[in-house]
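Data block below; observations after.
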Amino acid sequence: MWSRIRSIIRKEFIQIRRDPRTLAMVLALPALQLLLFGYAFNTVVDHLPLVIFDESKDAYSRQLISAFGNTGYFDIRGHVDSREAVAAAIDAGDAKVGLVLPPRFGDDILRRQVSLAQLIVDGSDPNTAQTALFAGWMIAAAVSESVQQPNVVAARQGAIELRPVVLYNPSMLSVNFMIPGLIGLILQFQTLILTAFAIVRERERGTLEQLVVTPIKSWELMIGKIIPYVATAFMAVAVALLVARVWFGVETAGSLPLLVLLSSLFLLSSLGIGLFISTISQTQTQAMQLAVFVMLPSVLLSGFMFPRESMPWIIQQLGLLIPLTYFLQILRGIMLKGVGLEVLWGSVVPLAIFGVAVFGLSAARFRKRLG
Amino acid sequence: MTASDVAPVISVRALTKRFGDLVAVDALTFEVQRGEVFAFLGPNGSGKSTTIRMLCGILEPTSGEGRVLGFDIAREGERVKQQIGYMSQRFALYEDLTVRENLEFYAGVYQVAGASLSGRLDELMTMAGLQDRQGQLAGSLSGGWKQRLALGCAIVHNPPLLFLDEPTAGVDPVSRRRFWTMIYGLAQGGVTVFVTTHYLDEAEHANRVAMIHGGTLRALASPAELKRSAMQGQLLNVTCASPMEAAALLERAPGVNEVALYGAAIHVLVDPTRTSEESVSDWLSDHGIAVGNVAPIEPTLEDVFVSLIGTATVATGQSTTR
């Protein structure tokens, strides 16, 4: 029995090693995805082009302006000499943010009164706008403290349409937030696609027909197919975690063994779906299409891309039917908050139920279809 | 001699398989003896594959019974599998594995033990002439090599019974000859070979041929016997102008039992007591057909098959071209 399973595992590993596409998917894809997502979510929060209309032109206004320039959130593109010019620069897209310092700005600080600076933000991209506001507030607060006048206030004005999205910290939390999601997605994608492919390829090539007349039992074939792809999935996760740590400086806050354990639980459902797809596809193309069909709701509804809190009620309920939804809560809990089972059990239980049910049904179907 | 040496390797009685209303295999009864090369001949869709799947223990018969190597195919399918070799026309090889890795994989699947493994692999590679290619990827082999490697994989565990499902499809004539030499070698060593084919010339290699059509057994004998007994009368080869027209005319000629077109020639089965070569020739001339030649010939299996089935649904003599 084990010799048969071992033969299949060995063969699968040889095939993985010889297939550049599979290798790329296991090793390069996780790193690439992490870099892409990491930067895509990063570039929007810094180096925002800024124009300045300084009517005060004193030591305090210069201090505030240089503070804006020094943070890295803003790039000072130039000084203009009217409010209209600030608005025009934003309209034209030359600037995302305008800073207006009224004539009394410095005097008010000296007189220990509330000193008003105005931040005008292009709100067409809420993410950018919010980052600009946070950064502006922080800089103003910092400068206030340094001049020991806790009363420099940045205010907002004008064509700002802010939507209350989940609060991103203006540091690199977006990357932190993306990494657990990506790991979940990579785990699901890889096990699902590779497992389905590994079986459908044999059907396409006619080798499955051969295996059926050998003493291999269908569950042995199943185990032999699953183990290599679970192993590669964990390799992919290791690559992703390594890139996260080395490149983005993101470390897992909680227990790594717990992460691995609960990932295995999550894999049950992806493997199950992969097996199911393999039983209804005749070709790898069909399997791919089905896999994308299954993956899309996972990406959109699980909270990987969009916060579930802002979704309509019915969509939120639909999201509860997706295993990745629970796994993301677990991943973010362990990686970002460092919490353990005592907090996570509410997500672990549905994940386990899904895993056992989906895998069990698919495995039964797989046996029936093969026998 | 023990009982198992004389007992038939395959024995089926009234074996039947229905898929819904369709009767794929209808009450087959036959036996195959040890060391025999047994051909199962029939057109596509005649029930060959269904029969082989039942004999391999992967498809349950609707009714009837069958024993393979002493095991009941309906209840002991798993035990049958360990004892048989199976090779299909698709040469189920892993193209991204080397020659040796393919053999090793199937050896593992059949649990060929560690100590004897290396010797067995060398033996198989020598038999297939693959010693110098053991590190080559199976996908880069040409058709004949693939076929021999597939055979090697199918017999890695020394099975006493080997199923070959359309084994020489798409292989050049030289490789086919070499392949059949290997098969005869195995049969000589006591291996029973059950081969399905829809190529008539392939069936000529067998000790006995079962002709199957529409799920029923139409004839079962050695190729020579089939040619002798199944054809009642004398077979004539006729060449003439406008053969289509001539064939239609001959259907109505006195003493003619059967007419079949073979390219530009016509095969005519006649009753020698009622007609002769001359009278056939005269009959055609009288009806305005310019006759080239009329001569008696030995029937081929194809003639037998056409005679038995009534229609030329079987691939013709040029079987290597598909």
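Tabulated results
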| quantity | calculated |
| --- | --- |
| Number of the condition not met by B:A219 [criteria: (1) over 30 Å from B:E31 (Cα atoms); (2) at pLDDT 85 or above] | (1) |
| Residues (under 10 Å from B:L41 (Cα atoms) and modelled with pLDDT of 85 or more) located in segment B:193-207 | B:V195, B:T196 |
| Matching option when the condition is touching a strand residue (DSSP E or B) at 6+ places or on another chain (Cβ under 7 Å) and assigned by TED's automatic domain parsing to the domain that holds A:G338, among A:G249, A:G206, A:G254 | A:G206 |
| Residue tally, condition in a helix (DSSP H, G or I) and touching a residue at least 40 places away in the same chain (Cβ under 8 Å), over segment B:106-139 | 6 |
| Residue match in segment B:307-321 (condition: part of a strand (DSSP E or B) and modelled with pLDDT of 85 or more) | no |
| Criterion violated by B:A187 - all others in (1) surrounded by fewer than 22 Cβ atoms within 10 Å (Cβ to Cβ); (2) more than 13 Å from every other protein chain (Cβ to nearest Cβ); (3) among the hydrophobic types (A, V, I, L, M, F, W, C); (4) more than 30 Å from B:S307 (Cβ to Cβ) satisfied | (4) |
| Residue list for segment A:209-220, restricted to those being at the interface with chain B (Cβ under 10 Å from one of its Cβ atoms) and assigned to a helix (DSSP H, G or I) | A:E209, A:Q210, A:L211, A:V212, A:E220 |
| Members of segment A:281-298 that are under 23 Å from A:G355 (Cβ atoms) and in contact with a helix residue (DSSP H, G or I) (Cβ under 7 Å, 6 or more places away or on another chain) | A:S281, A:A287, A:L290, A:A291, A:V294, A:M295, A:S298 |
| Breaking point among (1) away from chain B (no Cβ under 14 Å); (2) in contact (Cβ under 8 Å) with a residue 60 or more places away in the chain; (3) not small (G, A, S), for A:L101 | (2) |
| Single match in B:G45, B:G57, B:G66 (criterion: more than 10 Å from chain A (Cβ to nearest Cβ), modelled with pLDDT under 90 and within 21 Å of the chain's Cα centre (by Cα)) | B:G45 |
| Residue in segment A:269-282 that is over 22 Å from the mean Cα position of the chain (by Cα), surrounded by 14 or more Cβ atoms within 10 Å (Cβ to Cβ) and more than 29 Å from A:A31 (Cα to Cα) present | yes |
| Matching helices (runs of 4 or more DSSP H) fully within segment A:1-92 where at least 1 residues are within 30 Å of A:F189 (Cα to Cα) and away from chain B (no Cβ under 14 Å) | A:29-42 |
| Residue count, segment B:113-149 (criterion: within 13 Å of another protein chain (Cβ to nearest Cβ), buried (at least 20 other Cβ atoms within 10 Å of the Cβ) and over 19 Å from A:R201 (Cα atoms)) | 1 |
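Residue-by-condition table, conditions (1) of a type in the set (S, T, Y); (2) assigned by TED's automatic domain parsing to the domain that holds A:R205; (3) under 15 Å from A:I186 (Cα atoms):
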residue: A:L261; (1), (2), (3): no, yes, no
residue: A:G272; (1), (2), (3): no, yes, no
residue: A:S281; (1), (2), (3): yes, yes, no
residue: A:L290; (1), (2), (3): no, yes, no
residue: A:F293; (1), (2), (3): no, yes, no
residue: A:S298; (1), (2), (3): yes, yes, yes
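Okay, residues lined up against (1) more than 23 Å from B:R120 (Cβ to Cβ); (2) not in a loop (DSSP other than H, G, I, E, B):
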position: B:P159; (1), (2): no, no
position: B:F163; (1), (2): no, yes
position: B:T168; (1), (2): yes, no
position: B:W180; (1), (2): no, yes
position: B:A206; (1), (2): yes, no
position: B:R218; (1), (2): yes, yes
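The values are calculated or read from the model by the stated rules, or taken from the named source; none is laboratory data. Just so it is clear, the structure is predicted and the values come from calculations on it, not from any experiment. When we count neighbours, we look across all protein chains shown, and the Cβ atoms used for this are built from the backbone with ideal geometry, even at glycine.
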